[in-house]
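A short write-up of the structure that comes next.
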Amino acid sequence: MVRRAAFPVAILALLAGCRPAAVTPPAAQARRIVSTAPSVTEILFALGLGDRVVGVSTFCRYPPEAAKLPKIGTFVNPNLEPILGLRPDLVIVIKNPIGLAGRLEALGVRVLEVDQDSLVAIQYSVQRIGEATGVPDRAAALNAGLREKFDQVRRSVAGRPKRRMVFLVGRSPGELQGMVAVGRASYLTELIEMAGGANVFADAGAAYPKVSLEEILARDPDVIVDMGEMAETAGVTEAQKRAVVDLWRRYPALAAVRAGRVHAVADDIFVVPGPRAADAAQAFARLLHPEAAR
């Protein structure tokens, strides 16, 4: 049976999963914006608002300009003092278990809280951020581009058989233990299906359930994509990726191992629910159906 997992801070900060929330709309034309999640930061820069961003979370690394901005802590452990010190006229947050939006509002800070649990929610968050910052037309254009890229992925794999896949976003270093997979409630399952795959843990109600090696052996996926221990994606070497693949080669009975379809990845496009979700869909399509990319 799949189990709900506790998440490594780095991956949780990137994924920043959430549920729909009631929000007090901020004023338009915000000029000093603080982002508390990588996905929000990427949306702001994609909307051409990078010059208005005055603070970001610890794990905001893309685009490179964002990494140079003042840090306000992590998604799960933000520091209110530096947020207030940046004198923001808008703080954008993903709904989280610590009720950050309410805490900031109690201090008189204007807050926009968005949901990014699904592909529709991601696009709605783009729309709302565009409206809150006075650039709704840019937001509409960004969403139109996302939809076109998603459609291109669907067309590229149309008519091809669905390959059964597991995507691991967490694992104990150097061993096939403590594994965290993508479940039904994650937007990543939508991307996998769009790319011509079928998530073998789509029956797990949690977005990111903890799974065992025995469960993976029993479900026998056609493709294994392992982000595993590589939560910190910067600086991962090809030798480290090969070591991950070698872990799985110990189990040659797995269909994915027999077919040479075990892939180690270390790119945060796979765990940031923002504009680069389309890049993740394209990457999944290449991993699932490399013949379609030729």
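Quick one: Ala185 ticks every box in (1) touching a residue at least 24 places away in the same chain (Cβ under 8 Å); (2) farther than 30 Å from Lys241 by Cβ except a single one, so which number is it? So the condition that Ala185 fails would be (2). Screening Ala243 against (1) surrounded by fewer than 22 Cβ atoms within 10 Å (Cβ to Cβ); (2) in contact with a strand residue (DSSP E or B) (Cβ under 7 Å, 6 or more places away or on another chain) leaves a single unmet condition, (2). The condition of being buried (at least 18 other Cβ atoms within 10 Å of the Cβ) and assigned to a loop (DSSP other than H, G, I, E, B) holds for only one of Leu146, Leu176, Leu168, Leu191, that being Leu176. Within the range 116-131, can one find any residue that is assigned to a loop (DSSP other than H, G, I, E, B), under 18 Å from the mean Cα position of the chain (by Cα), surrounded by 17 or more Cβ atoms within 10 Å (Cβ to Cβ) and not assigned by TED's automatic domain parsing to the domain that holds Val245? Checking the range 116-131: at least one residue is assigned to a loop (DSSP other than H, G, I, E, B), under 18 Å from the mean Cα position of the chain (by Cα), surrounded by 17 or more Cβ atoms within 10 Å (Cβ to Cβ) and not assigned by TED's automatic domain parsing to the domain that holds Val245. Would you say Arg103 is modelled with pLDDT of 95 or more and under 29 Å from Ala206 (Cα atoms)? Here the answer is no, as Arg103 does not meet what is asked. If you take the residues in the range 78-112 that are loosely packed, with under 13 Cβ neighbours inside 10 Å and in contact (Cβ under 8 Å) with a residue 24 or more places away in the chain, which one is farthest from Leu44 (Cα to Cα)? This residue is Leu107. If you go through the range 25-42 one residue at a time, do you hit one that is on the phi > 0 side of the Ramachandran plot, more than 21 Å from the chain's Cα centre (by Cα) and at pLDDT below 75? Among the residues of the range 25-42, at least one is on the phi > 0 side of the Ramachandran plot, more than 21 Å from the chain's Cα centre (by Cα) and at pLDDT below 75, which makes the answer yes. Out of the residues in the range 120-140 that are in contact with a Gly (Cβ under 9 Å, 6 or more places away or on another chain) and among the hydrophobic types (A, V, I, L, M, F, W, C), which is nearest to Ala277 (Cα to Cα)? Top of the filtered list is Ile122. Consider Glu175 carefully, then state whether it is acidic (Asp, Glu) and more than 28 Å from Glu291 (Cβ to Cβ). Yes: the conditions hold for Glu175.
Counting only residues that are outside any loop (DSSP other than H, G, I, E, B), touching a Phe, Trp or Tyr at 6+ places or on another chain (Cβ under 9 Å) and within 15 Å of Val91 (Cα to Cα), the range 46-70 holds 1 of them.
The values are calculated or read from the model by the stated rules, or taken from the named source; none is laboratory data. All values reported here derive from a predicted model rather than from experimental measurement. Cβ: placed from backbone, ideal geometry, glycine included. Neighbour counts: every protein chain shown.
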